[in-house]
1. So, in region 40-61, of the ones that are open to solvent by 70 Å² or more (accessible area, probe 1.4 Å) and in a helix (DSSP H, G or I), which residue ends up nearest to residue 101 (Cα to Cα)?
2. Of these, 88, 16, which one is assigned to a helix (DSSP H, G or I) and within 30 Å of residue 121 (Cβ to Cβ)?
3. Which pairs do you get when a residue that is among the acidic types (Asp, Glu), found in region 79-106, comes within reach of a residue that is open to solvent by 50 Å² or more (accessible area, probe 1.4 Å), reach meaning Cβ atoms under 6 angstrom, with the pair 6+ apart or on two chains?
4. Is it true that residue 133 is farther than 30 Å from residue 17 by Cβ, open to solvent by 80 Å² or more (accessible area, probe 1.4 Å) and over 15 Å from the mean Cα position of the chain (by Cα)?
5. Only one of (1) exposed (fewer than 13 other Cβ atoms within 10 Å of the Cβ); (2) assigned to a helix (DSSP H, G or I) fails for residue 101. Which number is that?
6. Restricting attention to region 109-137, which residues are among the β-branched types (Val, Ile, Thr) and at pLDDT below 90?
7. Condition check: under 14 Å from the mean Cα position of the chain (by Cα) and part of a helix (DSSP H, G or I). Does residue 75 satisfy that?
8. Going residue by residue through region 68-89, is there one that turns out to be at pLDDT below 95, among the polar types (S, T, N, Q) and over 30 Å from residue 106 (Cβ atoms)?
Amino acid sequence: MKRFSFSLQKLLDLREFREKEAEIQLGKAIASRDAIQQDLEDVARKRHESAASRVGGLPVQDLLAIERYISRLDKKKDSLLEDLAAAELVVEQRRAAYLEATKDRQILTKLREKKEASWRKDYLADEASILDDISNSRLNT
């Protein structure tokens, strides 16, 4: 009996490729989102340090400089929050694309497994039949 071959193997390979590509794109989107979150944490840390440095005894010019710096950090925080919201949307879109690609690949994988199981069952039945014929031919002679 001939070896098992899956007639849709090329399509399965293509879907596996698309799944891997979707996984890579999801990873990039998550990395981008995490970088923005890290920037937000840095801004929060800098703001806290600057606010703590406003202890009494500083000249007015230094206090004004600190206040302007804190104001600039607040604006940067607002901008980063907007970027983070956009990055979250991209992550969700990429996650949905990845899940869809995985589902498409799994459908063909299950079909391949069923066809291979059926082929194996037929192969074993044919092999058993051949062995029975050989056994019967020895008994008849």
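1. Only one residue fits best here, namely 41.
2. Being assigned to a helix (DSSP H, G or I) and within 30 Å of residue 121 (Cβ to Cβ) holds for just one of 88, 16, which is 16.
3. 104/15
4. In short, yes.
5. (1)
6. Once the filter is applied, which keeps residues that are among the β-branched types (Val, Ile, Thr) and at pLDDT below 90, region 109-137 yields 130, 134.
7. Taking the combined requirement at face value, the residue does not satisfy it.
8. No, every residue in region 68-89 fails to be at pLDDT below 95, among the polar types (S, T, N, Q) and over 30 Å from residue 106 (Cβ atoms).
The values are calculated or read from the model by the stated rules, or taken from the named source; none is laboratory data. On a predicted model such as this, the values are computed, not experimentally measured, just so you know. Cβ atoms come from the backbone with ideal geometry, glycine included; neighbour counts cover every protein chain shown. Each accessible area value is taken on the protein alone, full model and side chains, heavy atoms only, with ligands, DNA and RNA left out. Shrake-Rupley method; radii C 1.70, N 1.55, O 1.52, S 1.80 Å.
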